[in-house]
Structures are given as structure tokens and as C-alpha cells.
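Novice: Encoded as C-alpha cells, here's the structure I'll be asking about.
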Amino acid sequence: MRDRNNSPLQEIFHNKYILAFLIIDIIAIVALVGIFVNRATKVSSINFNVTPVDATISVNGDKHYSNGQYDIAPGTYKVVISHDGLDTKTMTVDIGARDYANVTVFLADADHNFDYYKLQNSYESYRKLKAIASAENNITTDKDASAQDFIADFERAMSIVDELPIKGYVYSEPSANMSTGGFTIENGLYKKQCTQSACLIVRYYGKDYEKEVLKQIKQAGYNPDDYQLVYERYAK
């Protein structure tokens with residue numbers, strides 16, 4: 001029976017059943033808060049820096065990852081990096097509480113061939129390859145140094161235009177001087193006219209320019225046979 005001298009709140013605390021339920025609810029709330037706080041203080045992250053830039057990144061079978069940083073629970077993860085035509089790389093990544101893991105990986109084919117990075121639509125992937133795998137950086141997770149020689153040779157092939165001694169013969173607008181075979185040379189890397197990575201586009205006007213082009217390539221210390229030369233006539 002209710003004691004008329006007690007308030008409703010006092011009645012609740014005097015009812016042992018209601019009081020038991022209140023204690024259980026309070027314990028449950030405290031436990032939940034503890035779990036959330038514990039999880040919040042243990043948030044870790046994993047960062048992917050992978051090339052080709054469109055490679056498939058799988059974490060414990062989940063393929064919804066790409067280049068960038070993700071929050072992840074502490075634990076051990078199987079990371080698989082794959083791309084059509086290239087050799088797959090697999091690694092185990094251990095991540096502790098409030099830890100940060102960086103996965104920096106590049107792919108090549110099984111023979112450590114890097115022809116994929118010479119393709120016209122692979123320029124962004126090549127730039128990332130150079131950033132993570134060149135001799136100056138070499139920040140790859142798996143310590144794979146196989147790309148370094150390729151990068152050095154490829155950079156040399158791309159720099160030929162800057163080294164060619166073409167000043168004094170090339171006109172900004174060759175058609176301005178119709179009495180000579182004026183021409184300009186530009187790097188054809190990733191241009192649709194080229195089918196090879198080491199490609200030079202020669203834009204010309206007039207005659208007798210071919211011998212001069214070959215001469216200047218040789219004077220710069222390069223072998224013309226190592227390059228695809230694409231000749232395009234200036235429109236009048």
C-alpha cells in the first residue's frame with residue numbers, strides 16, 4: 001500500500017522491483033558508453049598509395065577500397081593488390097590500437113616488365129610509380145626496387161627534346177620562311193600519333209628536314225633508331 005506521506009518519487013525508490021530495474025538500466029547504459037569510448041580511443045587507419053591508380057585493392061576480401069585513407073579497427077588484415085595483365089601482390093598488415101598503416105605498392109608483370117606504364121592512358125600511373133619507386137624515394141612497402149632502372153631509362157627517353165641542339169634552325173612558325181625546311185620537335189609521349197613510348201613528333205614545312213633531324217638527334221648523343229619518328233606537315 002502506498003504511504004500517503006511519501007512522494008511518487010520516494011515510492012519508486014522504496015519499490016524494490018522498480019529499483020532493481022533502474023539499477024540494471026544504469027549498468028547497461030554505463031557499459032554501452034564504455035564500449036563506445038573504448039572504440040573511439042582505439043580508432044586506427046590504413047592508407048593506400050598504389051599504382052596503377054585503377055588497381056583493385058582488397059582487404060580481407062572486401063574490394064571497396066582505392067587510393068586514400070580509411071578508418072579501420074585494430075587487427076591483422078590480408079591486403080591484395082591486383083590489376084589485369086600485371087602480377088598480383090599480397091601482404092599481411094598488422095594494425096594496432098590508434099595505429100596507422102601505410103601500404104605503398106606498385107605492380108608490374110611477372111617478369112618485372114613495365115610496358116604497361118608506357119601506354120598512352122597510363123601517364124597518371126607512371127607519375128605515381130615515379131613518386132613511390134624511384135631511387136630517390138623508394139618508399140614502397142614491399143621494398144621492391146625493380147622499377148628504378150626502368151624509371152631512369154624512361155626519364156632519359158622523355159628528356160631528349162630538352163637536350164636536342166635545335167636552336168637557330170627551328171622556327172616558331174616554319175611557314176614564315178619558305179626557303180628552308182624548318183621544323184619543330186616535341187616529345188610524343190602519350191600522344192595518339194605514337195605507338196611507342198620513345199616517340200618524337202616532327203612538325204615540318206618545306207624540304208630537306210629529315211637529314212637535319214637525324215643529325216641533331218645523333219649530336220645529342222642519342223640513336224635515332226631507338227625512337228619512333230612521326231612526321232607531320234604544317235598546314236599552310
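No value in this document is a laboratory result; all are computed from the given coordinates. All values derive from a computational prediction rather than experimental measurement. Every residue, glycine among them, receives a Cβ derived from its backbone with ideal geometry; neighbour counts consider all protein chains shown.
Novice: How long is the gain from residue 69 to residue 24 if the chain were fully straight, where each residue apart is worth 0.36 nm and the alpha carbon distance is subtracted?
Specialist: On the way: separation 45, 0.36 × 45 = 16.20 nm, distance 4.03 nm.
Using 0.36 nm per residue and subtracting the Cα-Cα distance, I get 12.2 nm.
Novice: Among the listed pairs 89/130; 78/143; 63/89; 118/211, which are separated by more than 20 Å between their Cα atoms? Numbers along the way, then the final one.
Specialist: Numbers: 89/130 18 Å; 78/143 18 Å; 63/89 14 Å; 118/211 28 Å.
Checking Cα-Cα distances, 118/211 exceed 20 Å.
Novice: Okay, moving on. Say R0 is 25 Å: what FRET efficiency, to the nearest 0.05, do residue 192 and residue 226 get from their beta-carbon distance?
Specialist: Numbers: r = 21 Å, r/R0 = 0.84.
FRET efficiency, residue 192 to residue 226: 0.75.
Novice: Please give the contour-minus-distance gain from residue 80 to residue 210: 0.36 nm per residue of separation, less the Cα-Cα distance, rounded to one decimal in nm.
Specialist: Details: separation 130, 0.36 × 130 = 46.80 nm, distance 5.00 nm.
Residue separation times 0.36 nm, minus the Cα-Cα distance, leaves 41.8 nm.
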